[in-house]
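Reading through the structure tokens given below for one structure.
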Amino acid sequence: MWKEILEVSASSGDYAYWLQIAPYIKVRLQTLAQFRDHCTYFFVTPSVPEDLVYREKMQVTKDMLGEHLQGVIHDLESLVADSWAEDAIKELIMAYIQSHNLKNGQILRPLRAILT
Amino acid sequence: MKLPEKVITFVDEVKGEVSFNTKEFADFVILKADGVPTYYLANVIDDALQQVNYVIRGEEHLSNTPKQIVIYEALGFMPPKFAHLPLIMNPNGKKMSKRDTNIGCILVYQFKEAGFLPQAILNFIALVGRNPGTNQDVFTLDGLVEAFGMDRVQKANAVYDFQRALRFNGEYIKAMSDEAFVDAVQTYLREYG
């Protein structure tokens with residue numbers, strides 16, 4: 001898998017993308033092999049079982065989540081690179097939930113499933 | 001070879017002054033019936049003819065040293081300086097061997113496959129059984145050379161601590177420039193997938 005990713009990287013010239021993620025990764029690794037475990041999601045879109053993400057009972061449907069995740073992403077994009085820190089991200093997501101009269105679990109639970 | 005009855009004393013660079021009474025040893029074979037010399041004789045002659053003046057070897061050879069000193073003296077050679085290094089033990093307290101496959105990486109190819117940087121392996125190995133005498137334990141190659149001294153080699157056996165190797169490697173990875181890190185990761189992934 002990684003050899004293919006490297007081939008694609010080399011042909012599309014996205015060395016800058018690797019450089020961009022480097023500072024966040026290199027502080028977490030004890031071996032270069034661990035790059036495989038920690039960084040696959042930077043290069044391959046993960047597949048998430050739908051039943052972990054959507055839940056009708058909580059009114060978390062594809063349409064609802066699609067709309068609100070776009071909203072969360074839109075807000076997250078307003079964070080400049082320097083502010084991309086745990087507290088700031090949390091504050092922003094919680095503010096989004098409150099301003100849209102959502103329950104925490106409607107956004108946080110599917111987010112956790114998607115990001116894990 | 002018949003051993004003279006006497007106490008042989010020499011200064012080991014690690015252990016300090018060491019004495020053996022030859023009464024503790026039986027006379028020993030230096031040449032087998034088929035004309036092949038044993039280790040004791042061959043080792044002394046090789047070293048003497050090559051003018052080896054400093055022998056650094058594992059502690060298991062310490063008890064060979066008085067016998068070899070007798071051979072050096074009998075042949076009219078000047079014995080070299082000796083330094084006997086402590087053994088490296090596995091975490092179970094047994095002498096480490098290449099069959100110790102469950103204590104982390106021990107062979108060079110295993111370190112390479114796991115993605116260790118050469119300087120981290122060097123730093124780790126250089127401090128097994130040796131105390132640099134400061135709180136610092138991450139060294140450049142020049143720093144290692146500067147901090148090296150036989151007086152810093154510990155007398156007690158060393159324990160192989162793979163967690164320490166991981167910690168060193170993490171420190172070295174963290175200290176890399178982003179460019180060097182990306183190059184190292186890409187080279188690694190190209191080689192090992």
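The values are calculated or read from the model by the stated rules, or taken from the named source; none is laboratory data. All values derive from a computational prediction rather than experimental measurement. Counting neighbours? That spans all protein chains shown, and the Cβs are built from the backbone with ideal geometry, glycine included.
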Handout entry: Unmet requirement for B:ASP142, which otherwise passes all of (1) modelled with pLDDT of 90 or more; (2) under 30 Å from B:GLN186 (Cβ atoms); (3) surrounded by 11 or more Cβ atoms within 10 Å (Cβ to Cβ)
Key = (3)
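In the stretch B:32-56, how many are in contact with a Leu (Cβ under 9 Å, 6 or more places away or on another chain) and either modelled with pLDDT under 95 or among the small types (Gly, Ala, Ser) (or both)? Walk me through it before giving the result.
Kept after step one, since they are in contact with a Leu (Cβ under 9 Å, 6 or more places away or on another chain), are these residues of the stretch B:32-56: B:37-38, B:41, B:44-45, B:48, B:56.
From the residues that got through so far, the ones that are either modelled with pLDDT under 95 or among the small types (Gly, Ala, Ser) (or both) too are B:48.
Of the residues in that region, 1 qualify.
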Practice task
May I ask you to list the residues in the stretch B:1-22 that are closer than 15 Å to B:LYS67 by Cα and outside any strand (DSSP E or B)?
Solution key: B:MET1, B:LYS2, B:LEU3, B:PRO4, B:GLU5, B:LYS6, B:THR22
Handout entry: Out of B:VAL44, B:VAL29, sole residue that is in contact with a Ser or Thr (Cβ under 8 Å, 6 or more places away or on another chain) and either assigned to a loop (DSSP other than H, G, I, E, B) or crowded, with 17+ Cβ neighbours inside 10 Å (or both)
Key = B:VAL29
Exercise for the section: Scan the stretch A:14-44 for residues that are among the small types (Gly, Ala, Ser) and in contact with a Gly (Cβ under 8 Å, 6 or more places away or on another chain) and jot them down. Expected result: A:ALA33
Completion exercise
The correct count of residues that are modelled with pLDDT of 85 or more, over 17 Å from B:LYS174 (Cβ atoms) and touching a helix residue (DSSP H, G or I) at 6+ places or on another chain (Cβ under 6 Å) in the stretch B:114-139 is 1
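Return yes or no: is A:ILE73 modelled with pLDDT of 85 or more, surrounded by 14 or more Cβ atoms within 10 Å (Cβ to Cβ) and part of a helix (DSSP H, G or I)?
Values: modelled with pLDDT of 85 or more: yes; surrounded by 14 or more Cβ atoms within 10 Å (Cβ to Cβ): no; part of a helix (DSSP H, G or I): yes.
For A:ILE73, the condition - modelled with pLDDT of 85 or more, surrounded by 14 or more Cβ atoms within 10 Å (Cβ to Cβ) and part of a helix (DSSP H, G or I) - is not met.
Each row is one residue, and each column tells you yes or no for (1) surrounded by 11 or more Cβ atoms within 10 Å (Cβ to Cβ); (2) not hydroxyl-bearing (Ser, Thr, Tyr).
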site	(1), (2)
A:PRO46	no, yes
A:LEU52	yes, yes
A:VAL60	yes, yes
A:ASP63	no, yes
A:LEU69	yes, yes
A:GLU86	no, yes
A:ASN104	yes, yes
A:ARG112	yes, yes
A:THR116	no, no
Exercise for the section: Would you check if B:THR140 is closer than 30 Å to A:TYR15 by Cα and of a type in the set (S, T, N, Q)? Expected result: yes
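Can you pull out the residues in the stretch A:16-44 that are in a loop (DSSP other than H, G, I, E, B), of a type outside the set (Gly, Ala, Ser) and either more than 9 Å from chain B (Cβ to nearest Cβ) or surrounded by fewer than 19 Cβ atoms within 10 Å (Cβ to Cβ) (or both)?
A:VAL27, A:ARG28, A:PHE43, A:VAL44
Find the helices (runs of 4 or more DSSP H) located wholly in the stretch B:86-181 whose residues include 3 or more that are of a type in the set (A, V, I, L, M, F, W, C) and away from every other protein chain (no Cβ under 14 Å), and list them.
Numbers: elements: B:108-114, B:118-126, B:141-147, B:162-175.
Because the criterion is at least 3 residues that are of a type in the set (A, V, I, L, M, F, W, C) and away from every other protein chain (no Cβ under 14 Å), the helices (runs of 4 or more DSSP H) in the stretch B:86-181 that meet it are B:118-126, B:141-147.
Results for (1) modelled with pLDDT of 95 or more; (2) of a type in the set (Phe, Trp, Tyr); (3) farther than 13 Å from A:LEU65 by Cα, shown as yes or no for each residue.
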| position | (1), (2), (3) |
| --- | --- |
| A:GLU77 | no, no, yes |
| A:ASP82 | no, no, yes |
| A:ASP87 | no, no, yes |
| A:LYS90 | no, no, yes |
| A:MET94 | yes, no, yes |
| A:ILE97 | yes, no, no |
| A:GLY105 | no, no, no |
| A:LEU111 | no, no, no |
Practice task
Search the stretch B:182-193 for residues being surrounded by 14 or more Cβ atoms within 10 Å (Cβ to Cβ) and more than 7 Å from every other protein chain (Cβ to nearest Cβ), and hand back the single one that is nearest to B:TYR109 (Cα to Cα).
Solution key: B:TYR192
Problem - Residue among A:LYS3, A:LYS57 that is within 14 Å of chain B (Cβ to nearest Cβ) and either touching a residue at least 24 places away in the same chain (Cβ under 8 Å) or more than 21 Å from the chain's Cα centre (by Cα) (or both) - result: A:LYS3
